[in-house]
Amino acid sequence: MIIDAHQHFWDPARANYPWMATDELTPIRRAFGPVDLAPLLQANGIDASIVVQCRSALEETEEFLRIAHETPSVIGVVGWADLTDGALGDTLQRLRGLPGGDKLVGIRHQVHDEADPDWLLREDVQRGLTAVFAHDLTYDLLVRSRELPAAIATAQAFPQARFVLDHAAKPPIADGGSAEWSDRIKGLGDCGNVWCKISGLATEAVWNDWDAERLFPFVAHAASCFGEGRLIFGSDWPVCLLAGSYGEIKGALEACLVKLGPEVRDKAFGVNAAQAYQLAIAR
């Protein structure tokens, strides 16, 4: 099964997305749903996808579970829940009981938007992560270089848990990269319980001036840090449309992965995601 492990649905007419407020995001400030994604999956040979959190609201998680229940191609939901809520365990239990609740595979929060770079290490957040892992869910790390030390410490604090790093921690591709990103992502890769999504890279480059060749050094470095068994493909659609079409993004990332070896490509497009999120197809 070929899996797109990172895509989104949203409708700005029905909910508020603070991160979408800038003028440069105008092209994607409209509704995107399953009917928009379906022909793209078919055209690009993708069998299934995982829909990922866009805003900090339980209502969105509930909506995504409903969509997953009604949409066979959506095989997983990485939703949002308040890690600082002392009753998080009860909330997760309730979500699991909803239609589509069996497709809840992970939790995510926009950690890179928190003022405190060590937000992940707060006592209430660590307690929340304990509840997430008690429900056998994966935690998606949405961080940049600034938050990577806290992410490393968190992965080390929960050695039996599963973490997925989103967008390879958003390397500064447009600026040519940085030693800080390179060194810190290596530290996270040394944690054997963390997978890395090769997603969102084109939008970290100059949107109208990028290609697979320019992305390759960053994909190759992630591969050297995480190995072929912990790289995961994600389109980051529809955010990716700022830089290119679904097909262009998929084609560029596939070219990078194939350059590292056909087995690297094959694992990143399916089995690694199934293992990281404990998808039913892996059982």
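Summary of values
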{"item": "Residue match in segment 12-32 (condition: out of contact with any Asp or Glu (no Cβ under 9 Å at 6 or more places or on another chain) and either among the aromatic types (F, W, Y) or under 22 Å from Y139 (Cβ atoms) (or both))", "result": "yes"}
{"item": "Segments classed as strands (runs of 3 or more DSSP E), wholly inside segment 136-226, with at least 2 members that are surrounded by fewer than 22 Cβ atoms within 10 Å (Cβ to Cβ), out of contact with any helix residue (DSSP H, G or I) (no Cβ under 6 Å at 6 or more places or on another chain) and modelled with pLDDT under 95", "result": "none"}
{"item": "Qualifying residue in segment 266-273 (condition: more than 17 Å from N44 (Cβ to Cβ), aliphatic (A, V, I, L, M) and in contact (Cβ under 8 Å) with a residue 24 or more places away in the chain)", "result": "no"}
{"item": "Which numbered condition E254 fails, given (1) of a type in the set (D, E); (2) touching a Phe, Trp or Tyr at 6+ places or on another chain (Cβ under 8 Å); (3) within 23 Å of T138 (Cα to Cα)", "result": "(3)"}
{"item": "Residue match in segment 266-283 (condition: open to solvent by 20 Å² or more (accessible area, probe 1.4 Å), in a loop (DSSP other than H, G, I, E, B) and basic (K, R))", "result": "yes"}
{"item": "Matching residues in segment 121-135 - criterion: being part of a loop (DSSP other than H, G, I, E, B) and either β-branched (V, I, T) or under 25 Å from Q278 (Cβ atoms) (or both)", "result": "H135"}
{"item": "Filtered residues of segment 89-120 (kept if of a type in the set (A, V, I, L, M, F, W, C) and either surrounded by 16 or more Cβ atoms within 10 Å (Cβ to Cβ) or closer than 24 Å to A273 by Cβ (or both))", "result": "L92, L95, L98, L104, V105, I107, V111, W119, L120"}
{"item": "Any chance D116 is touching a helix residue (DSSP H, G or I) at 6+ places or on another chain (Cβ under 6 Å), within 22 Å of A168 (Cα to Cα) and charged (D, E, K, R)", "result": "no"}
{"item": "Candidates L201, L253, L242, filtered to the one that is under 16 Å from Q7 (Cβ atoms) and in contact (Cβ under 8 Å) with a residue 60 or more places away in the chain", "result": "L242"}
{"item": "Considering residues of segment 230-255 that are over 17 Å from G45 (Cβ atoms) and more than 15 Å from the chain's Cα centre (by Cα) only, the residue surrounded by the most Cβ atoms within 10 Å (Cβ to Cβ)", "result": "A243"}
{"item": "Qualifying residues in segment 26-49 (those that are in contact with a helix residue (DSSP H, G or I) (Cβ under 7 Å, 6 or more places away or on another chain) and open to solvent by less than 60 Å² (accessible area, probe 1.4 Å)) - the one farthest from A81 (Cα to Cα)", "result": "N44"}
{"item": "Leading residue by the ranking (nearest to the chain's Cα centre (by Cα)) among those in segment 66-88 that are buried (at least 22 other Cβ atoms within 10 Å of the Cβ) and within 20 Å of I46 (Cβ to Cβ)", "result": "V78"}
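The values are calculated or read from the model by the stated rules, or taken from the named source; none is laboratory data. Worth saying up front: this structure is predicted, and the values here are computed from it rather than measured. Note: ideal-geometry Cβ built from the backbone for every residue, glycine included; neighbour counts use all protein chains shown. What goes into the accessible areas is simple: the full protein's heavy atoms, side chains included, and nothing from ligands, DNA or RNA. Shrake-Rupley method; radii C 1.70, N 1.55, O 1.52, S 1.80 Å.
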